[in-house]
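First comes the structure, then the notes that go with it.
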Amino acid sequence: MNSRFAVPTIVLILSLRTGDLEAIENGNELALDIGRAPTPLERTTMIENAIGKLFFFRYLHIKERKDGDLEGRRFIRMRTVEPSSDVHIDFVVRKRQSLKKANPIRKGQGIAVTGRIKTIAVTNAQKIIVLDPVIVRYADRLSPVVEKEMLHEVDPDAPKTAITKESK
């Protein structure tokens, strides 16, 4: 009787897709790389490879914030600047949980977000990355604490204690 269910269960488990989780890349490094690209061809290649991918940005300095309402749905439009590259990161917060996190954060403060890159525009005057959709992670500081920032502050899955030979 148990063997009747074992075979279909095994087939079901094996048929489930694994590895479909998308990697989230470092947006701060992308912004810096775009600003420092030695040639227009390399910059274009970076931009083409980044469009549609998820990126995590920290230390974004909020320069503009506009609250609005469209057809009964609240939104917050933000223009931020990534501090190491001076690239503008623009996005609109629409998701309920993200709105709760973004609501107390004001112009002049820092924010950390994860978003999918919709467009990247580069001109002589400025560089703009547009994220859509975006998830607000938390209110953030405006810059890293040099040589004092802990890995677990950046990666929530990282251990909070140091792994040493004695602890193994």
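Read-outs: derived from the displayed coordinates by stated rules, not from any lab. Just so it is clear, the model here is predicted, and its values are computed rather than measured. When we count neighbours, we look across all protein chains shown, and the Cβ atoms used for this are built from the backbone with ideal geometry, even at glycine.
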Could you list which residues have their amide H under 5 Å from that of Val87, counting only those 5 or more apart in sequence or on another chain, with H placed in the peptide plane? Glu82
Where Lys and Arg each count +1 and Asp and Glu each count -1, what net charge lies around Arg65 among other residues with Cβ under 11 Å from its Cβ? +4
Protection proxy ranking, peptides 115-125, 76-86, 48-58, average beta carbon neighbours within 10 Å, highest first: 76-86, 48-58, 115-125
